[in-house]
1. Only one residue in 179, 207, 172 is within 28 Å of residue 423 (Cα to Cα), assigned to a helix (DSSP H, G or I), modelled with pLDDT under 90 and in contact with a helix residue (DSSP H, G or I) (Cβ under 7 Å, 6 or more places away or on another chain). Which one?
2. Which one of the conditions (1) modelled with pLDDT of 85 or more; (2) assigned to a loop (DSSP other than H, G, I, E, B) does residue 79 fail to meet, given that it meets all the rest?
3. Scan the stretch 433-449 and give yes if some residue there is under 24 Å from residue 247 (Cα atoms) and either in contact with a strand residue (DSSP E or B) (Cβ under 9 Å, 6 or more places away or on another chain) or surrounded by 15 or more Cβ atoms within 10 Å (Cβ to Cβ) (or both), otherwise no.
4. Filter the stretch 5-30 down to the residues that are at pLDDT below 75 and assigned to a loop (DSSP other than H, G, I, E, B), then identify the one that is surrounded by the most Cβ atoms within 10 Å (Cβ to Cβ).
5. Inside the stretch 31-53, can you point out the residues that are more than 12 Å from residue 127 (Cβ to Cβ), modelled with pLDDT of 80 or more and within 34 Å of the chain's Cα centre (by Cα)?
6. Answer yes or no: is there a residue in the stretch 54-67 that is assigned to a loop (DSSP other than H, G, I, E, B) and either at pLDDT below 85 or in the same structural domain as residue 154 (by TED's automatic domain parsing) (or both).
7. Exactly one of (1) surrounded by 14 or more Cβ atoms within 10 Å (Cβ to Cβ); (2) farther than 17 Å from residue 56 by Cβ; (3) not assigned by TED's automatic domain parsing to the domain that holds residue 292 is unmet by residue 101. Its number?
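The values are calculated or read from the model by the stated rules, or taken from the named source; none is laboratory data. Note that this is a predicted model, so its numbers are computed, not measured. Cβ placement follows ideal geometry from the backbone for every residue including glycine, while neighbour counts extend to all protein chains displayed.
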């Protein structure tokens with residue numbers, strides 16, 4: 001998309017002074033009309049945005065998207081078969097009408113020249129529901145709406161955002177150096193730092209289960225807690241505080257260490273088995289299309305559809321079969337353990353280079369990996385025949401492509417945050433920013449200075465790591 005300056009785009013880019021309307025009043029107007037009356041009228045076009053085409057488009061679409069979500073969540077007021085059926089019919093009619101209006105508004109917007117700034121404004125401008133309500137952006141809904149999910153312009157815009165970050169605000173030209181420094185942390189860099197912390201945690205956890213502390217007769221409990229154990233506890237805590245991360249393996253690890261304080265989990269204790277379970281879950285999680293994921297580092301349009309195919313075609317059926325036979329499976333394993341308790345499931349107290357449970361775990365893990373690889377190959381062979389060259393997202397199927405796109409778009413939105421604090425730096429944010437922001441208002445103390453402190457803290461501590469990662473990964477993103 002070109003960024004040529006015209007008489008129209010110069011006006012559209014200056015949106016910092018435009019008063020943004022609230023969503024509440026316009027959503028209320030939609031509630032008072034029928035689906036047949038929903039057309040592009042003043043109900044979706046506030047007067048204060050008449051001179052800002054990108055803002056007007058963004059506002060109209062976000063009103064419809066929020067209203068659409070409300071309609072799909074509504075339940076029938078009367079609990080009867082006819083009322084439920086009538087409510088479903090009306091909801092379907094609303095959704096169809098809203099989707100048609102969204103497509104028309106977006107197509108009209110793209111029908112004339114749009115600079116990169118215009119598209120960014122349309123997708124990323126925040127609008128409040130009310131004075132104290134939550135803010136919404138069109139980008140928050142692109143992974144849920146079929147038209148926006150499959151739109152090529154949205155795909156290009158979010159891919160640009162992922163690699164290069166947000167466009168610099170023209171009004172910040174006086175702070176050019178600091179703005180450029182802050183802009184170094186693109187969503188891709190933020191995700192890479194988040195993933196690096198989990199990889200470091202994984203390596204330390206593997207080191208621990210392969211070489212745990214050896215119990216000695218004259219050792220004190222605290223002697224089992226070293227630098228490795230402290231880092232594992234800190235990283236577990238940091239990832240748990242990182243709210244959107246799938247944190248089950250880290251919660252299990254933290255629980256295993258906390259249950260054994262002031263000592264550490266030893267191979268002869270049940271908490272050590274919790275660490276083994278945590279290791280398995282983390283290894284599986286890193287191969288799922290979840291955040292953070294190695295599939296997002298290089299060419300996600302090629303890697304994510306493959307991950308989605310494996311999840312849908314291999315893990316999906318396996319989980320359904322396991323859930324179906326879970327009661328019988330649990331009883332069988334329980335009875336088998338009782339039957340073989342004197343022969344097989346004996347606890348070994350012999351000190352060996354690697355504990356017996358760890359050996360058993362890695363044997364099972366290797367065997368399971370070969371089975372999954374075999375099943376994956378069996379799935380990929382027929383699926384690769386339908387490969388569509390030049391359209392990578394749908395190379396395996398349209399449904400897998402949509403799942404992969406949705407995950408990528410959610411990742412872009414999640415990591416598009418100014419001044420981010422990835423683990424373990426988010427502990428500093430929690431202590432110095434988040435906790436004071438929640439506590440100080442109770443003592444009538446202003447928290448306006450916390451935003452300045454947040455920028456200083458990020459630029460001094462996280463920023464240097466961002467510069468290093470940016471230098472080491474030139475060309476990868």
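1. Matching residue, one of 179, 207, 172: 179.
2. Of (1) modelled with pLDDT of 85 or more; (2) assigned to a loop (DSSP other than H, G, I, E, B), only one is false for residue 79: (1).
3. Within the stretch 433-449 (the criterion being under 24 Å from residue 247 (Cα atoms) and either in contact with a strand residue (DSSP E or B) (Cβ under 9 Å, 6 or more places away or on another chain) or surrounded by 15 or more Cβ atoms within 10 Å (Cβ to Cβ) (or both)), the answer is yes, since at least one residue qualifies.
4. The residue in question is 15.
5. 31, 52, 53
6. Checked against the condition, which is being assigned to a loop (DSSP other than H, G, I, E, B) and either at pLDDT below 85 or in the same structural domain as residue 154 (by TED's automatic domain parsing) (or both), the stretch 54-67 yields no hits at all.
7. With respect to (1) surrounded by 14 or more Cβ atoms within 10 Å (Cβ to Cβ); (2) farther than 17 Å from residue 56 by Cβ; (3) not assigned by TED's automatic domain parsing to the domain that holds residue 292, residue 101 is out only on (2).
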